[in-house]
Amino acid sequence: MTTTEQATPRPVPDLDSQAFWAGLQAHRIVLQRCASCERRRFPAMPSCPYCGHPDWRSEEISGTGTVFSYIVVHRTFDAAFTADLPYTIATVDLDGGGRIAARIDGTPSIDAKAVAVFVDHPEWTELRFRIVEES
């Protein structure tokens, strides 16, 4: 059992991110979509970073996309992740719009196809991605 399975720091949802974290527990990805410009956004926030409009709606997404960028982590800022080193974090451009950063399993490359994976911890669920091998 890795350290992260034992003692991964738990996220603390706020008013804006509650729907996202609740969705993950149900193995669904729920993001905000602006009521004015219709753009998806992540992380959740009180107003649109693109047009400034305060209204939004929750939208469930498929969890598929392509790798925009990635880094391999060799040193961690929190000792809880030491046993998992090295691991990879990717920025994924979501199909249908939006971009999200998360841990990714497999060997990524720019523009590689990725799909969401849900990792259940004792009190919360983590969103990760895995590389989809194209045939």
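Which of (1) exposed (fewer than 13 other Cβ atoms within 10 Å of the Cβ); (2) modelled with pLDDT under 90 does residue 26 not meet, given it meets every other one?
All conditions are met except number (2).
Which of the residues spanning the range 96-111 are charged (D, E, K, R), over 10 Å from the mean Cα position of the chain (by Cα) and surrounded by fewer than 15 Cβ atoms within 10 Å (Cβ to Cβ)?
At the first step, the residues of the range 96-111 found to be charged (D, E, K, R) are 99, 103, 105, 111.
Now narrow it down to the ones that are over 10 Å from the mean Cα position of the chain (by Cα): 105, 111.
Within the range 96-111, just 111 meets the criteria.
Could you check the range 18-56 and list, in sequence order, the residues that are in contact (Cβ under 8 Å) with a residue 40 or more places away in the chain and assigned to a helix (DSSP H, G or I)?
Hits for the range 18-56 are 21, 24, 25.
With (1) at pLDDT below 95; (2) within 26 Å of residue 9 (Cα to Cα) as the list, and residue 88 as the residue in question, which single condition is left unmet?
Against the list (1) at pLDDT below 95; (2) within 26 Å of residue 9 (Cα to Cα), residue 88 comes up short only on (1).
Among the numbered criteria (1) surrounded by 15 or more Cβ atoms within 10 Å (Cβ to Cβ); (2) part of a loop (DSSP other than H, G, I, E, B), which single criterion is violated by residue 133?
(1)
Kindly list the number of the only condition in (1) buried (at least 16 other Cβ atoms within 10 Å of the Cβ); (2) closer than 15 Å to residue 99 by Cβ that fails for residue 17.
Only one criterion is unmet by residue 17, namely (2).
Of the residues that sit in the range 52-95 and are among the hydroxyl-bearing types (Ser, Thr, Tyr) and touching a helix residue (DSSP H, G or I) at 6+ places or on another chain (Cβ under 7 Å), which one is surrounded by the most Cβ atoms within 10 Å (Cβ to Cβ)?
As a first pass, look at the range 52-95 and keep what is among the hydroxyl-bearing types (Ser, Thr, Tyr): 58, 62, 64, 66, 69-70, 76, 82, 87-88, 91.
In the following step, the residues that additionally are touching a helix residue (DSSP H, G or I) at 6+ places or on another chain (Cβ under 7 Å) were identified as 58, 76, 82.
Numbers: 58: 14, 76: 16, 82: 12.
Filtering first and then ranking leaves 76.
The values are calculated or read from the model by the stated rules, or taken from the named source; none is laboratory data. This is a predicted model, so every value here is computed, not measured. Neighbour counts run over all protein chains shown; Cβ positions are idealised from the backbone, glycine included.
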